[in-house]
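Everything on this sheet refers to the single structure shown next.
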Amino acid sequence: MAVRLDDLDRKILLELQRDGGQSLDDIAKSVGSSKTPVWNRIRKMRDGGVIKHQTYLLDAEALGFEACFFVLIRTSEHDAGWQGRFLNALKSRPEVLEAHRLAGDIDYILKVVVANARAYDTFYQALISEVKVHNVTALLSMEEIKSTTVLPMEVG
């Protein structure tokens, strides 16, 4: 069952996306409401699955992760056994921040964050030792131009 959202809910979601660590008082003040109704709405959206969880965004470079690779994977394997091994291999590697199955010539794209090219090679060697892939192309991101986790919420 989908949760119905009104403008106040959307304003609350924008505030939570902007800074999930701000106080309930600050959120209420920003959206023009009081604390109790805001808390009830947050709880309703959490219970309804609109809000998955609260997290903090870290600065990868400040933590020594200076290389971001986009990894394009083509495979000739599409059976359930291969897919299960592939998904388990990806889920077990914290350096894989995102993985998407694609339509078109490329089967999968991964976003991999590591300290440097040597660390990427270690990741690559481990991955291909676990699952057979037809072709792997790694693209090094030279500069992150835009990155956000904020979904566009239209408020009337």
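The values are calculated or read from the model by the stated rules, or taken from the named source; none is laboratory data. Since the model is a prediction, treat every value here as computed from it, not as a measurement. Because the Cβ atoms are built from the backbone with ideal geometry, glycine has one as well, and the counts that use them run over all protein chains shown. The accessibility values were calculated without ligands, DNA or RNA, using every heavy atom of the protein model including side chains. Shrake-Rupley method; radii C 1.70, N 1.55, O 1.52, S 1.80 Å.
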**OP:** Return the pairs, sorted by first residue and then second, in which the second residue is among the hydrophobic types (A, V, I, L, M, F, W, C), the first residue lies in segment 129-156 and is open to solvent by 100 Å² or more (accessible area, probe 1.4 Å), the beta carbons are less than 7 Å apart, and the residues are 6+ apart or on different chains.
**Re:** Glu144/Cys68
Subject >> Positions within segment 56-89 being open to solvent by less than 90 Å² (accessible area, probe 1.4 Å) and over 26 Å from Thr122 (Cβ atoms), in sequence order >> reply: Asp79, Ala80
